[in-house]
Amino acid sequence: MIRYAMHMTRAPPFLAAALLLFSTTAGGMELRGHGGPVRAIAVAPEGKTAITGSFDTRAIVWSLETGEARRVLLFHGDEVNAVAVLPDGSFATAGADARIAIWKPGRQAPVRVLEGHSGPVTALAVSPDGATLASASWDTTVRLWPLSGGEARVLEGHDGNVNAVAFLADGTPVSAGYDAKLIFWPRDAGTAPRRIALPTPLNALVTLTGGRSGVGGADGKVRVLDRDGTTRSEVQVAQTPVVALAASPDGKYLAATGIRGAVVILDAASLATVHELKSPGMPVWSLAFTPDGKTLLAGGSDRVVRQWDVETGEHIGAVAAGETDPLAEFAGDPGAEAFRACVACHTLDPEDGNRAGPTLHGIFGRKIASVPGYRYSPALREMDIVWTPETVSELFEVGPNTYTPGTKMPEQTISNTETRAALIRFLQRETKTE
């Protein structure tokens, strides 16, 4: 299961605009400007504007007509995990710094900051009537913020990180979390929520017509459920955790992606595969449909937002040169394949430095939380662990959340002994200091 929140190399403030490049094909711009993986995308109802959030701590407001970065929003002290477009045309951004910022067009600073969460905020959703902003957090809570002002309503009931939140058409809040629970919350306080237990931790959530919900799990499956908890359909879309879902506005399609980057467009009714998109092979962290349902936007670990024609499954515009698989030279190496889920966050070469996580160069024999220049969580700084083949293997056997509580590392276990051993051999070979 991917718990999200990562730290990425901090680009200079001017970088998001200075690196803005796009393909030359009209109507097929690739949005380029972020200095880290694109974690979140939201498209405005008019279909001409999008906002993205990234591990580089920035949010960018884009013109989808020209590919131009209209504004770079600088506020969060950590990765921006979630973004939303509000009914009045303003934007909301939320980050691993536990804060939510409200931005008005033309303003260089947030007009309002929502504070109350004690852990990274991982998802945002706007109620159908536009009156409420919902937020999900790793502090195990969901909060409902009145956009007109006032205190948030705190929803408690999850037993772990809450990874996703959404609203049904009637305004019912729904959340999904690492505890493998899908919770339908009452619209008014005083009524007990409905908890649905599923067989796997949940990363992603969308709501569909007819009171249905679609969830993406750590087992690589997408499931569609009724609000009474009945599973209508399910499909295996990846061999790795599903980390992002999007539903087309007309309810016709679902898009899903796993940690290794494959994007699949599904028929929302039957979950039959409509298209398998030809992605560059690197993790895709965020998905969003345009309001007309004709285009799918996908944000990746390579810092690019690509656009896809939903009806044909074809990439819109030329794929820019220079996009290569960083592990191509290790083709056929089972250890490198296991490392593929880590490459967005960690480097092997000392010249590449820190990314979402600290560089792994020289990891063996190194004390935890000791790489110079990397900002570790307080919990890790207090631990007394030395990284050896045995401790790294145990980390992936039981999972980072169990082995290193308080970590911001994505939660991903490797249950197969041979796969763990192959990963250790790969790291021993590629991270050695001599």
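Bear in mind that the values in this text are calculations on the coordinates, not laboratory data. Keep in mind the model is a prediction, meaning the values are calculated, not measured. Note: ideal-geometry Cβ built from the backbone for every residue, glycine included; neighbour counts use all protein chains shown.
Figures for the structure shown
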{"read-out": "Net lengthening on full extension, residue 351/residue 294 (0.36 nm per residue, minus Cα-Cα)", "value": "16.3 nm"}
{"read-out": "Spacing of the two label points (7 Å from each Cα toward its C-beta) at residue 272 and residue 194, in nm", "value": "2.9"}
{"read-out": "Virtual spin-label span in nm between residue 115 and residue 430, 7 Å along Cα→Cβ", "value": "4.1"}
{"read-out": "Residues whose placed amide H lies under 5 Å from that of residue 316, excluding near-sequence neighbours", "value": "307, 308, 309"}
{"read-out": "Residues with amide H under 5 Å from that of residue 140, placed H, sequence gap 5 or more", "value": "162"}
{"read-out": "Förster radius 51 Å - calculated FRET efficiency between residue 169 and residue 416 (Cβ-Cβ, nearest 0.05)", "value": "0.75"}
{"read-out": "Residues with amide H under 5 Å from that of residue 81, placed H, sequence gap 5 or more", "value": "94, 95, 96"}
{"read-out": "When each of 252/278; 221/432; 278/367; 48/278; 104/221 is checked by Cα-Cα distance, pairs over 32 Å", "value": "221/432; 278/367; 104/221"}
